[in-house]
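The structure appears right after this line, and notes come after that.
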Amino acid sequence: MSGDGQGRRHWFDDEAGPVVRPYAMTRGRTTSAAQHRLDLIALVVTEQHAEDPEADHTLSPEHVDIVELCRDVPQSVAELAAGLDLPVGVVRVLIGDLVDDEMVHVTRPVPPAELPDESILRDVISGLRAL
Amino acid sequence: MIFGRSERGKPPVEPVTLKILVAGGFGVGKTTLVGAVSEIRPLRTEELLTEAGRPIDDISGVEGKHTTTVAMDFGRITLREDLVLYLFGTPGQDRFWFLWDELATGALGAVVLADTRRLEDCFAAVDYFERRSIPFVVGVNCFEDTARYPAEAVRQALDLDPGVPVVLCDARDRESVKEVLIRVVQHAMAHAAAAREAVTT
């Protein structure tokens, strides 16, 4: 996927919009049972034992994409939504399914109303300086 | 799969993730600021609003329209293998406040980007962060063809608390944006220290 789509006169492929309506992928669900509201920066990590998600016929191609994308490098919810070009709400439901199936787990970012450790903040400052 | 996955058996590093919000009026340079420091081209996530938007969105006249799309631009800075900072541009329209709530949850702090020609555009953002006591810094984006105002004048015009840092910046310039973000984190630390003080005394 390259970003060289500028200046085209016609809509092809992705530009023509989704073939499947987004919430059809979740079979109309907008929340999943186990779903603690996933933060946009929560990281999704594929479980080691999730070897061959394609063999699981209960999973949609989008589920499989998520499992594969998060295998080597954990991905944030926001990055998955952008990468798969799906609304955040849809991605959350799909991740919820995968958590239920124990195919992935999700890291919790720093809880609300609680700042991370001062030492982490110092690391952030020195990290920014070193950029 | 012919190629074995690299380092099979070794679980990937799960970094700590943090976020800083970038707020401000439409066209003030939020996405430019994110792009100036992000290691990825700013990405866009979208949220379809259906039920959630119903009490807020006035759809009279367009009853056939069931969904609205809100876009949030974001970037990523990997500070260390185990420490990743995300920057989120907030959606510009005021009626998407409820999305701000979600974005603001757990945020380290915020940058309110201001344009001195249209300072009033950032009133809402300043108000929002003040009310929720989210530490924020006002970044005055110095556009080339505008008169420069001293930071103090901006502070007065926005009626900011004395503790809120006001920084003149250039949203296109990486060094300048780095400085703004450092100020946000420093301010967040001071904010946290003051909060702790208040609890213990």
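The values are calculated or read from the model by the stated rules, or taken from the named source; none is laboratory data. Keep in mind it's a predicted model, so treat the numbers as computed, not measured. Cβ placement follows ideal geometry from the backbone for every residue including glycine, while neighbour counts extend to all protein chains displayed.
Kindly indicate whether residue B:68 is under 30 Å from residue A:29 (Cα atoms), modelled with pLDDT of 90 or more and of a type in the set (S, T, N, Q). First the steps, then the outcome.
Numbers: under 30 Å from residue A:29 (Cα atoms): yes; modelled with pLDDT of 90 or more: no; of a type in the set (S, T, N, Q): yes.
Here the answer is no, as residue B:68 does not meet what is asked.
How many residues does the stretch B:1-30 hold that are more than 8 Å from chain A (Cβ to nearest Cβ) and either modelled with pLDDT of 90 or more or crowded, with 19+ Cβ neighbours inside 10 Å (or both)? Count: 9.
Looking at the structure I just gave you, is residue A:63 more than 8 Å from chain B (Cβ to nearest Cβ) and not in a helix (DSSP H, G or I)?
On the way: more than 8 Å from chain B (Cβ to nearest Cβ): yes; not in a helix (DSSP H, G or I): no.
Taking the combined requirement at face value, the residue does not satisfy it.
Answer yes or no as to whether residue B:112 is under 27 Å from residue B:45 (Cβ atoms), outside any helix (DSSP H, G or I) and more than 14 Å from every other protein chain (Cβ to nearest Cβ). Considered against the rule, which asks whether it is under 27 Å from residue B:45 (Cβ atoms), outside any helix (DSSP H, G or I) and more than 14 Å from every other protein chain (Cβ to nearest Cβ), residue B:112 comes out as yes.
Looking for whichever is surrounded by fewer than 19 Cβ atoms within 10 Å (Cβ to Cβ) and more than 14 Å from chain A (Cβ to nearest Cβ) here; the options are B:124, B:195. Which one fits?
Values: B:195 fails: more than 14 Å from chain A (Cβ to nearest Cβ).
None of the other options fit; the residue is B:124.
Taking the numbered list (1) at pLDDT below 85; (2) surrounded by fewer than 18 Cβ atoms within 10 Å (Cβ to Cβ) in turn, residue A:110 passes all entries but (2).
Residue A:59 - would you say it is among the hydrophobic types (A, V, I, L, M, F, W, C), within 10 Å of the chain's Cα centre (by Cα), surrounded by fewer than 21 Cβ atoms within 10 Å (Cβ to Cβ) and modelled with pLDDT under 95? Judged against the criteria, residue A:59 is not a match. Just to be sure, is residue A:116 buried (at least 19 other Cβ atoms within 10 Å of the Cβ), in contact with a helix residue (DSSP H, G or I) (Cβ under 7 Å, 6 or more places away or on another chain) and within 8 Å of chain B (Cβ to nearest Cβ)? Against the criterion (buried (at least 19 other Cβ atoms within 10 Å of the Cβ), in contact with a helix residue (DSSP H, G or I) (Cβ under 7 Å, 6 or more places away or on another chain) and within 8 Å of chain B (Cβ to nearest Cβ)), residue A:116 does not qualify. I'm checking my understanding of the structure. Among residues of the stretch B:80-108 that are part of a loop (DSSP other than H, G, I, E, B) and modelled with pLDDT of 85 or more, which one is nearest to residue B:34 (Cα to Cα)? My answer is B:90. Could you go through the stretch A:19-30 and let me know if any residue there is modelled with pLDDT of 90 or more, closer than 28 Å to residue B:104 by Cβ, in contact with a helix residue (DSSP H, G or I) (Cβ under 8 Å, 6 or more places away or on another chain) and not aromatic (Phe, Trp, Tyr). The answer is no, given that none of the residues of the stretch A:19-30 is modelled with pLDDT of 90 or more, closer than 28 Å to residue B:104 by Cβ, in contact with a helix residue (DSSP H, G or I) (Cβ under 8 Å, 6 or more places away or on another chain) and not aromatic (Phe, Trp, Tyr).
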